[in-house]
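Every read-out reported here was derived from the displayed coordinates using simple, explicitly stated rules and does not represent laboratory data. The shown structure was predicted, so the numbers you read here are calculated from the model rather than taken from an experiment. Every residue, glycine among them, receives a Cβ derived from its backbone with ideal geometry; neighbour counts consider all protein chains shown.
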Amino acid sequence: MFEIVAKKEWHPTITEFWVKAPYVAKKHRPGQFMILRINEEGERIPLTIAESNKEEGLIRIIFQKVGKTTFHLGTLNVGDNILDVVGPLGKPTHIENRGTVVCVGGGVGIAPLFPIACGMKEAGNRLITILGARSKDLLIMEDDFKRVSDEIIITTDDGSYGRKGFVTHALEDVLKSQGDKVGEVVGIGPPIMMKFIAKVAEPFGVPLTVSLNSIMVDATGMCGACRVTVGGKTRFVCVDGPEFNGYEVDFDELMMRQSMYKKQEQEALERFKKECPQAFEGIGEVA
């Protein structure tokens, strides 16, 4: 059992936990994720580790409530336990001093970007961070990134905070003004965001790393549920990734596969809403 020792609500749909998981914390490296199961009847879901405290044996996870399991997870509180936490899984980020690195995060993709940004900064890079959200109230971890970034740019779709527009607009401006100095771009967020980051960055010839969050079941490469096409070849996100060359990912295929179980997910969510209406307090209609 893995105890929740701290909880923070960033937004009615976005929750943060610090979880006691000493063995996972000890081995965690930037870019890796874990699989959790709330109880014996629960499904296994992947969540990226946003931070680890090796001395205290804690891992930090931030998740958005989008399906039955994440809504259920959000009902847990400090002192409650999660049945299974397995990790760290996946290949860690390749980190080196490239001079200047631009880290681009969108939505809850900001959370897995944080340990990568820290690692890049520790390696001696000048760090430019671009964070985007639909609105100010959905922006997370700004202060965390300010601690490690040499320059930070905030964008919101509706203009309620920072620069109005998308992270791709800010990235294009950075590459136009500093592209000759940028050694790598790292992007994490919704697949559509990463697809357009690749379109923006490719003309500048800057290496691009993206982290994929595909459908996943066993996370050992056995089931094949997380397969994606990268460079024309089938790869498995759980063991070959989660990070890949952003120019080689077939994002259209990834988005199609992610939508395959939308109907079943919605039906399960509606059933849980009837069973546990308190989990949806303060939240509007769930799409």
- Quick calc, E248 & E43: beta-carbon distance into FRET formula, R0 30 Å, rounding 0.05, result 0.50
- Please report the relative contact order for the stretch 1-105, taking Cα pairs under 8 Å with a sequence separation of at least 6, and give it as a percent rounded to a whole number. 36
- Message: Please report the spacing between the Cα centers of the stretch 143-212 and the stretch 231-263 in Å, no decimals.
- Response: 20
- Query: What residue among A21, A170, A123 has the largest mean-square fluctuation in a Gaussian network model of the chain, using Cα springs under 10 Å?
  - Reply: A123
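When the helix-only estimate is applied to the chain (DSSP H runs of n ≥ 4, each -39,500 (n - 2.57), divided by the residue count), what is the mean residue ellipticity at 222 nm, nearest 500 deg cm²/dmol?
The helix-only estimate for the chain comes to -8000 deg cm²/dmol at 222 nm.
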- the stretch 100-211: C-alpha pair distances exceeding 22 Å, %: 21
- Quick one: if you stick a label point 7 Å off each Cα along the C-beta vector at K273 and S160, how many nm between them? 2.1
- Note on the structure: In a Gaussian network model of the chain with springs linking alpha carbons closer than 10 Å, the residue among A25, A225, A268 that fluctuates most is A268
- Note on the structure: Candidates for volume of the Cα convex hull per residue in Å³ are (i) 142; (ii) 153; (iii) 125, and the calculated one carries label (iii)
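Taking the Cα centre as origin and putting +1 on Lys and Arg beta-carbons and -1 on Asp and Glu beta-carbons, what dipole magnitude results for the chain, to the nearest 20 debye?
Value, rounded to 20: 260 debye.
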- Task: Please tell me which of these pairs span more than 30 angstrom C-alpha to C-alpha: K91/K146; K164/K199; K54/K181; K27/K146; K68/K146; K54/K91?
- Result: K54/K181; K68/K146
- Message: Placing unit charges on C-beta atoms (Lys and Arg positive, Asp and Glu negative, everything else neutral), compute the dipole magnitude of the stretch 100-211 about its Cα centre in debye, rounded to 20.
- Response: 100
- Within the set I152, I192, I128, GNM on the chain using Cα springs under 10 Å gives the largest fluctuation to I192
- Task: Please identify every one of the GluC sites (Glu not before Pro) in the stretch 34-65 that sits in a loop by DSSP and has no more than 16 other beta carbons within 10 Å of its own beta carbon.
- Result: E40, E41, E43, E55, E56
- Percentage relative contact order, the chain, counting C-alpha pairs under 8 Å, at least six apart: 16
